[in-house]
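See structure below.
The values are calculated or read from the model by the stated rules, or taken from the named source; none is laboratory data. Everything numeric here is computed off the predicted structure, so don't read it as measured data. Cβ: placed from backbone, ideal geometry, glycine included. Neighbour counts: every protein chain shown.
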Amino acid sequence: MTTAVRNENTILKVILAILLPPLAVFMDRGIGVQFVLNVVLTLVGFWIVGIIHALILIL
């Protein structure tokens, strides 16, 4: 992948991390412990905690 494609993917993942945090984590890491943890944090933590977790994983 070129740098431009990676930057576009990162921008897309950041936007998804804000709108749908579990989807962004799934795109970055697949289904695993981090995905399940993000789903739980998003549901229990009133969305903001899931966003923070997703952004930490992506960036």
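Data table
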quantity	calculated
The range 22-59 - residue that is of a type outside the set (Gly, Ala, Ser) and not in a helix (DSSP H, G or I) and, of those, farthest from residue 6 (Cα to Cα)	46
Sole exception among (1) out of contact with any His (no Cβ under 9 Å at 6 or more places or on another chain); (2) more than 13 Å from residue 55 (Cα to Cα); (3) part of a helix (DSSP H, G or I) for residue 14, by number	(2)
Matching entry among 46, 35, 26 (being more than 8 Å from the chain's Cα centre (by Cα), at pLDDT 95 or above and among the aromatic types (Phe, Trp, Tyr))	35
